[in-house]
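**Q** My questions all concern the structure below.
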Amino acid sequence: HETDIEAATNDIYRLVAMADFEEAIAFGLRAIGADRAWLEGYYAERIDKAELFGLWRGDALIGAGELRISPSQSGVADVGMVVALEARRQGLATNILRRLRAEGLKRGYRVICSTEADNLGAQKAIERAGFHAHHRILEVSLKRAD
């Protein structure tokens, strides 16, 4: 398995700095369609805590990954990633997750990852990155009586 993104390409993987903030926001808006105000607050916090990593191809940010320290589970870091639409299906998500997992372990955390039940692409990347499902979370709602 290829674990070093730069070994296979000329892509650069590194922490996202505040100087990259606007580029990261534009990427997030394109890649996931998030609300701008929410994304600005979320990315600013991740950058401030050195929890947001980016993958650049040339001058373009094509992937982002987060290593978010859990506020509710001591010693746990949750990882996640997103890849630009035009760069998907190249193994980048798997490689970003491998990098995040290695960084989390290096920092002394137990690293976890999750996704939505219908996100098959993310599930494949998560599994290829070495994560295994131990728990399934179900969303349960009450049926309204008419």
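**Q** Which of the residues spanning region 43-79 are among the hydroxyl-bearing types (S, T, Y) and farther than 19 Å from E103 by Cβ?
**A** Hit for region 43-79 is S72, nothing else.
**Q** From the set of residues in region 79-111 that are closer than 18 Å to R128 by Cβ and part of a strand (DSSP E or B), which is most open to solvent (accessible area, probe 1.4 Å)?
**A** M81
**Q** State which residue is least open to solvent (accessible area, probe 1.4 Å) when the search covers only region 112-130 and only residues that are at pLDDT 70 or above and touching a strand residue (DSSP E or B) at 6+ places or on another chain (Cβ under 6 Å).
**A** C113
**Q** Within region 13-71, can you find the residues that are charged (D, E, K, R), surrounded by 15 or more Cβ atoms within 10 Å (Cβ to Cβ) and farther than 17 Å from C113 by Cβ?
**A** Matches in region 13-71: D20, E23, E40, R57.
**Q** Now, a different point. Is it fair to say L67 is at pLDDT 90 or above and closer than 19 Å to V111 by Cα?
**A** So L67 passes the test.
The values are calculated or read from the model by the stated rules, or taken from the named source; none is laboratory data. Small disclaimer: the values here were computed from a predicted structure and weren't measured. Reconstructed Cβ throughout: ideal geometry from the backbone, glycine too, with neighbour counts over all protein chains shown. In case anyone asks, the SASA skips ligands and DNA or RNA and just uses the protein heavy atoms, side chains included. Shrake-Rupley method; radii C 1.70, N 1.55, O 1.52, S 1.80 Å.
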